[in-house]
1. Give the residue, chosen from 120, 158, that is surrounded by 19 or more Cβ atoms within 10 Å (Cβ to Cβ), closer than 27 Å to residue 28 by Cα and touching a helix residue (DSSP H, G or I) at 6+ places or on another chain (Cβ under 8 Å).
2. Among residues belonging to the range 32-48 that are without any contact (Cβ under 8 Å) to a residue 60 or more places away in the chain and farther than 18 Å from residue 150 by Cβ, point out the one that is surrounded by the fewest Cβ atoms within 10 Å (Cβ to Cβ).
3. Any residue in the range 141-164 that is more than 12 Å from the chain's Cα centre (by Cα), at pLDDT below 95 and under 26 Å from residue 17 (Cβ atoms)?
4. Out of curiosity, is residue 59 in contact with a helix residue (DSSP H, G or I) (Cβ under 9 Å, 6 or more places away or on another chain), at pLDDT 95 or above and buried (at least 20 other Cβ atoms within 10 Å of the Cβ)?
């Protein structure tokens, strides 16, 4: 089974705060993911997004005030409420407002991946066989997220996230 965290940057004015509409919007974005990824308005992480979040949570050991901000890139934002006609089996959707996107972008550019890895690497599987591959995979995701959130913040966009299973 494949599970993805899919992120899509979008102008806040284009978002309808309606779960059914957002689910359809994100489904269409997922269908167009290669083109949207190439355009820099979409990002996705297959399976290991929880590990990426755990890596960022290590920032609290570096700065106790980083805890809240470290959640923004993966799990931050507010849930899109299910409306009266929404299917309860629809995927969970989160909306990160433009000011939160900017905070996430600043966090990602200011945090040291190497310092986070020193703190969290062992518990993320960074010791033993395959450890370097795990480190490289997380580093690649970190770099991609840094670029994605940087572009979204520069454009003043919000970010909508969905988990596809």
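1. Values: 120 fails: closer than 27 Å to residue 28 by Cα.
Among 120, 158, only 158 is surrounded by 19 or more Cβ atoms within 10 Å (Cβ to Cβ), closer than 27 Å to residue 28 by Cα and touching a helix residue (DSSP H, G or I) at 6+ places or on another chain (Cβ under 8 Å).
2. Top of the filtered list is 34.
3. yes
4. On the way: in contact with a helix residue (DSSP H, G or I) (Cβ under 9 Å, 6 or more places away or on another chain): yes; at pLDDT 95 or above: yes; buried (at least 20 other Cβ atoms within 10 Å of the Cβ): yes.
Answer is yes for this residue.
For every residue, the table says whether it meets (1) within 11 Å of residue 55 (Cα to Cα); (2) modelled with pLDDT of 95 or more; (3) within 13 Å of the chain's Cα centre (by Cα).
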| residue | (1), (2), (3) |
| --- | --- |
| 93 | no, no, yes |
| 122 | yes, no, no |
| 129 | no, no, no |
| 132 | no, no, no |
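The values are calculated or read from the model by the stated rules, or taken from the named source; none is laboratory data. Fair warning: this is a prediction, and the values are worked out from it, not measured in the lab. Cβ sites come from the backbone with ideal geometry, for glycine too, and all protein chains shown count toward neighbours.
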